[in-house]
Amino acid sequence: MATTQTTFDRAADLRTSIDQLRAWLNRVLRGKAEVIEHVLTCLLGRGHLLLEDRPGLGKTTLAKGLAATCGGRFARVQCTPDLLPSDITGFNIFNQKSHEFEFRRGPVFSDVLLADEINRATPRTQSALLEAMAERQVTLDTVCYRLSDEFFVIATQNPLDQHGTYPLPEAQLDRFAMKLSIGYPDREDELGLLQSSIGESDTADVTAQEPVLSLVELRHLQEQVAAVPISRPLLEYLTDLARFTRKHPHISLGVSPRGLLTWMRMAQGWAFLDGRDFVTPDDIQSVAIPVLSVRLGTDHDDPAPLIREILAEVPVPC
Amino acid sequence: MPPAEHHTKPQAISSSSTETLWAHRSGRTSTALHKTSVALQSLSIAAGLAALAALRLADLDGAISAWEIPGWVAVIALVAGVAAGLRRLPDHVSYEIPILPVLVALFLGALMVETGIRVLFGIGQPFEWIVMRSLGWLALGMTATAVTVPRQRGVLGVGLFLVVFALTTHFLPDVQICGSLFLAASIGWLVIAHAELLPSQLSRQAKSRQPFPRWLGVALAIVFPLLCLVATGERHLAHGLSGWIPSSGGSGDYDPYSRGGIGDGDQLVAGTENIQSFGALDDAPFIPDHRPSLYDLFDDTYNEPVRNEKQDRAISIRQDPANRQVERHLAETQQAARQFSTARQSRTAEQKAVGSIPSHALLHVAGRVPLHLRLEVYDRFDGVNWTPEAEFESLPAPKIETVHGKPWLQVSLRHPREAEVAATETHALKIVSLDTARIPSPVGLRAVHVDQIDRADFFQPLPAGQLAFQRERLPELVPIHLVSELIDGRRVLERHRDRFSVTDNRLHRDYPVGELSREVRQLAFDWTKDAHDSHAQIEAIVRRLRSEYVLDNDAVPPADVASPVLHFLATSRRGPDYQFATSAAVLLRTLGFSTRFVTGLYASPERYDARRRHTEVLPADVHAWVEVYVGEGQWLTIEPTPGYEVLGPPPTFLGWIGATALAIGKAILEAWPLVLLAVAIGAIVVRLRRSMAMWFRQTWWMIVPPKTAAEAIRRTLVLVDWRARRVDLQRRPGETPTQWLVRIRQGLDSVVEGLDPRQLAIIQRALYAPTAKLNPVDDDVRAVCQAIARYRFARVGRTTRENLSSKGLLPAVLVPGNRRMAT
């Protein structure tokens, strides 16, 4: 009985933490509640996030704010065409004193990694992130280094039509759970932004916020999300959706099984954030666009209408 | 293209998997794409095989050979093999196997093989059997490949058709057993399918579908009662519209491969119940009767054959076809005397009973009517009596000629010129009870055919183109086929410069001199003074008689009248048909025509039986008429009696269509209350079909208690979905229940409240929580169900409906609403 009570209290505490986290992020990024929901879903579902938008819309701010509130180590890589893979993963250096090679850890050995403007890096460098993102480990000279269990990549990229960018390979894209666009804020939100920054010094940092969630708590939340049950008809629904994308004439690359797994996890996260202990088709549909737009190979620039069409075509079980 | 999808319609979808596409379009993915359970498939296979067995047994008609067993083992092995193979394939592979072309090929292949056999070997099957066998092959293919629910439904549908056909074709116990097995398997399938498919029911309900066009409903409501009327209607109507479908014999549209039936079919249906079911058919029943049969049959069945007490001439025939023993008693009927007196006694009140037979008919006629069947022809008229005095010309003996394998007696008379023949008529007579050896025949008889009789000496030619059997009386119930040529009087006149020729024999022109001749001649000249040719003269006289004189069979001149004809013409102006005929004959003779007086039988179109396609001739149809000589041995039937008609040339196709349309119109007018009622009922059913269906669903929802919360919610959603359909607000395939419930709020009647978020959450929990299958119906769920069931939709016009549809264009996929907004 006591244990149950404790569990309940703890769950309630965690919910409070999530609410605080949400509130903080909403303050950092004004008027973008929906984006923040997706970001949180991504975080709780242990998925990496790709933010794609024009410069100056708050991508980096959001990433930094998230890292700060999670209380984890934060690292940042500014991707440029001359960035080398070892600049990300780390490298072995010869120690003159010990006469041994020492491993100098790169930025991936952190809890939240912000890969800014990832599509400015060369494909070779981008690939260096592949193993880290998928398996949460780095292999260098046959030695395998474990990364943090909560390792979470937030990559930002500029739209592809900008100069000096390398499109991310599909294999890399599939490692991201979601692709989000932040978009310009509303007039009111923009006004509020201006007002609130009056008097604040430029050095004021979003990372100044105290962590509201410890890494242990985060891991605990992630475990809870992964355990949210999902009924069999909904699993069938997910499968039908995935199969439909593979047969669609306007989609050259459908959802992979890994993508499907990610989709399910995100739906679980969405349901969890909604305070439910089960998944509904609404959850699956709500995360569909960010989850699918990162991994569907289409000839359209904006896959969202196509995804809505898919959702409208495949019958929802009831 | 389902119109409800206009907002989400994909630009194009590849044809790589048509079935998948179709399934998605119709919103039936969950059931259309997934294989059913083994139990369901087994039941559908059992049903399919039972239907096939029923069809096969009916086809064999009891003649089951030992080869059937290995055949069936092979079929079952094949079906089981294909079904097991398809089950082992993964879903996406099995759906991409092109099954539809295979099924079509099976159906068409079977059809072509049967047709090919017919063409190549000349042996054929009835049309309906060819179709049913092809359907059987189709059903076999469907049974083997039915892995999904829609296909299994197809198997049951086709199977039901086959079973119904088999059961209605053959009343064999084994067919009935197979039918019962089919029914049992089908019911089992339905029960299990209902249990298995309930979760996906709403998805199926939500499929977008072609709305039933209203005009089609109205058209059906009008056409259907009409069709019923035509199918069950009287006389000409059924006659006019029959023949569109290959006949199985009964409708008169003869198909050599059709099964036997009544009418012109190959076989006779014995009229044990009703003598009218005797068509004019070419096999004779062999009647145990005291009177001699035409056929001398050695009956080597077990019982002693009934010996005729009297023997008449008979022809020996082969043992087949199977004889039918029909107990019948035939009545004697009187026949025309050799002299015909126009001075008659008045009719006695007592009517002579014809006998105890179910039919009063003397004979049945198949072929076009009205028809004047001549029995006696009279030449001389002495003022009171008609006497047949035509000399026995040395008639050439008739010859038997074989036409299409059948012996026809060619009556050797001079043939008319081709141009003057209006039509060559074929008739068949079936004598029921006529005590004469003379064959009642129309004027212009050319050929006679009686089945099996291939000897000319069975017939005896008589004067005036008549023919008699060389026996005491006509054979009963043996069809006598007659071919006659109908002369067109106008065409004859074209060649004869407005005058008909006269016969060499003065008898046909003679009329008694004296008062009679003066008066009659005066009348004739008065009536025909405007007529310039023979035809017009005849028409004038006939017209006068028919319009100014009254047919009264009981009118008899007083006993002291010297000339009954004159009395009829000048004084009484009413009388029986022989007075009309005599008057016409004498009037025409005074004008120089050659005429003769004919008695016989009149086949009246009023007695035409459209279903059996023949006309009864009763004793009351004894009639008298006139024939006029037109030249070159040809005589023309003249009908001066009102109410009687002469057979005209056959109608043209347009005339036939017009007559049919007229008949339909008349039938509608006659049965207008019925038609009106049928149309009204049809219209009401079409109009209220949804309301009625709705009522049944509502009642079901209210009466049958749900077992789980999920079922309660689902059933309620189905109920409201059905209602929402009327305003095009039904759930779309890709729409979640909550999205749908939110969207349809705008279409609700203003008095209905929408659901609040808590209620939506209850719905979601009931439907999707992992324990949903076990949750009992609690108060919350009940309250939510009642709240949903209160959803009523304002009936809106088309435009408003479109507006509503366009408003709810996007499914609320990306709208998380106002939840989780941080402060």
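The values are calculated or read from the model by the stated rules, or taken from the named source; none is laboratory data. Everything quoted here is computed from the prediction, not taken from an experiment. Heads up, the Cβs are rebuilt from the backbone with ideal geometry, glycines too, and the neighbour counts pull from every protein chain shown. Heads up: the accessible areas ignore ligands, DNA and RNA and are worked out on the full protein's heavy atoms, side chains in. Shrake-Rupley method; radii C 1.70, N 1.55, O 1.52, S 1.80 Å.
Just so you know, in the range A:135-178 the residues that are at pLDDT below 85, of a type in the set (A, V, I, L, M, F, W, C) and open to solvent by less than 60 Å² (accessible area, probe 1.4 Å) include one that is farthest from residue A:66 (Cα to Cα), and it is A:140. In this structure, residue B:372 does not qualify as open to solvent by less than 20 Å² (accessible area, probe 1.4 Å), modelled with pLDDT of 65 or more and closer than 18 Å to residue B:477 by Cβ.
Test residue A:37 against the criterion of being buried (at least 21 other Cβ atoms within 10 Å of the Cβ), of a type outside the set (A, V, I, L, M) and within 15 Å of the chain's Cα centre (by Cα), and give yes or no.
On the way: buried (at least 21 other Cβ atoms within 10 Å of the Cβ): yes; of a type outside the set (A, V, I, L, M): yes; within 15 Å of the chain's Cα centre (by Cα): yes.
Yes.
Among the residues making up the range B:375-395, a single one is more than 30 Å from residue B:561 (Cα to Cα) and either surrounded by 11 or more Cβ atoms within 10 Å (Cβ to Cβ) or at pLDDT 85 or above (or both): B:395.
Residue-wise test of (1) modelled with pLDDT of 85 or more; (2) outside the structural domain of residue B:152 (by TED's automatic domain parsing); (3) open to solvent by less than 50 Å² (accessible area, probe 1.4 Å); (4) closer than 30 Å to residue B:172 by Cβ.
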position: B:68; (1), (2), (3), (4): no, no, yes, yes
position: B:73; (1), (2), (3), (4): yes, no, no, yes
position: B:76; (1), (2), (3), (4): yes, no, no, yes
position: B:80; (1), (2), (3), (4): yes, no, no, yes
position: B:85; (1), (2), (3), (4): yes, no, yes, no
position: B:92; (1), (2), (3), (4): no, no, no, no
position: B:96; (1), (2), (3), (4): no, no, no, no
position: B:100; (1), (2), (3), (4): no, no, no, no
position: B:107; (1), (2), (3), (4): yes, no, no, yes
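The rows are residues; the columns are (1) more than 16 Å from residue B:75 (Cβ to Cβ); (2) of a type outside the set (S, T, N, Q); (3) touching a Phe, Trp or Tyr at 6+ places or on another chain (Cβ under 9 Å).
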position: B:108; (1), (2), (3): yes, yes, no
position: B:112; (1), (2), (3): yes, yes, no
position: B:121; (1), (2), (3): yes, yes, no
position: B:130; (1), (2), (3): yes, yes, yes
position: B:143; (1), (2), (3): no, no, no
position: B:152; (1), (2), (3): yes, no, yes
position: B:164; (1), (2), (3): yes, yes, no
position: B:172; (1), (2), (3): yes, yes, no
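Can you tell me which of B:739, B:786, B:730, B:764 is open to solvent by less than 60 Å² (accessible area, probe 1.4 Å) and without any contact (Cβ under 8 Å) to a residue 40 or more places away in the chain?
Answer to the check: B:764.
Of the helices (runs of 4 or more DSSP H) that lie entirely inside the range A:180-288, those containing 1 or more residues that are under 17 Å from the mean Cα position of the chain (by Cα), crowded, with 17+ Cβ neighbours inside 10 Å and away from chain B (no Cβ under 14 Å) span A:215-226, A:257-273.
In the range B:659-666, is there at least one residue being open to solvent by 30 Å² or more (accessible area, probe 1.4 Å) and touching a Leu at 6+ places or on another chain (Cβ under 8 Å)? Yes, some residue in the range B:659-666 is open to solvent by 30 Å² or more (accessible area, probe 1.4 Å) and touching a Leu at 6+ places or on another chain (Cβ under 8 Å).
Residues are listed down the side, and each one gets a yes or a no for (1) without any contact (Cβ under 8 Å) to a residue 24 or more places away in the chain; (2) under 38 Å from the mean Cα position of the chain (by Cα); (3) farther than 21 Å from residue B:371 by Cα:
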position	(1), (2), (3)
B:434	no, yes, no
B:445	no, yes, no
B:449	no, yes, no
B:453	no, yes, yes
B:464	no, no, no
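As a summary of the residue check, residue B:433 satisfies the conditions (1) of a type outside the set (Phe, Trp, Tyr); (2) surrounded by fewer than 21 Cβ atoms within 10 Å (Cβ to Cβ); (3) outside any strand (DSSP E or B) except for the one numbered (2).
Among the residues making up the range B:586-631, those that are hydroxyl-bearing (Ser, Thr, Tyr) and more than 30 Å from residue B:519 (Cβ to Cβ) are B:604, B:608, B:615. Among the strands (runs of 3 or more DSSP E) confined to the range A:47-98, the ones with at least 2 residues that are modelled with pLDDT of 80 or more and crowded, with 18+ Cβ neighbours inside 10 Å are located at A:48-52, A:74-78. Of everything in the range B:52-66 that's small (Gly, Ala, Ser) and part of a helix (DSSP H, G or I), which residue is most open to solvent (accessible area, probe 1.4 Å)? Per the stated criteria, the residue is B:53. Residues that are at the interface with another protein chain (Cβ under 8 Å from one of its Cβ atoms) and under 18 Å from the mean Cα position of the chain (by Cα) within the range A:289-318 comprise just one, A:289.
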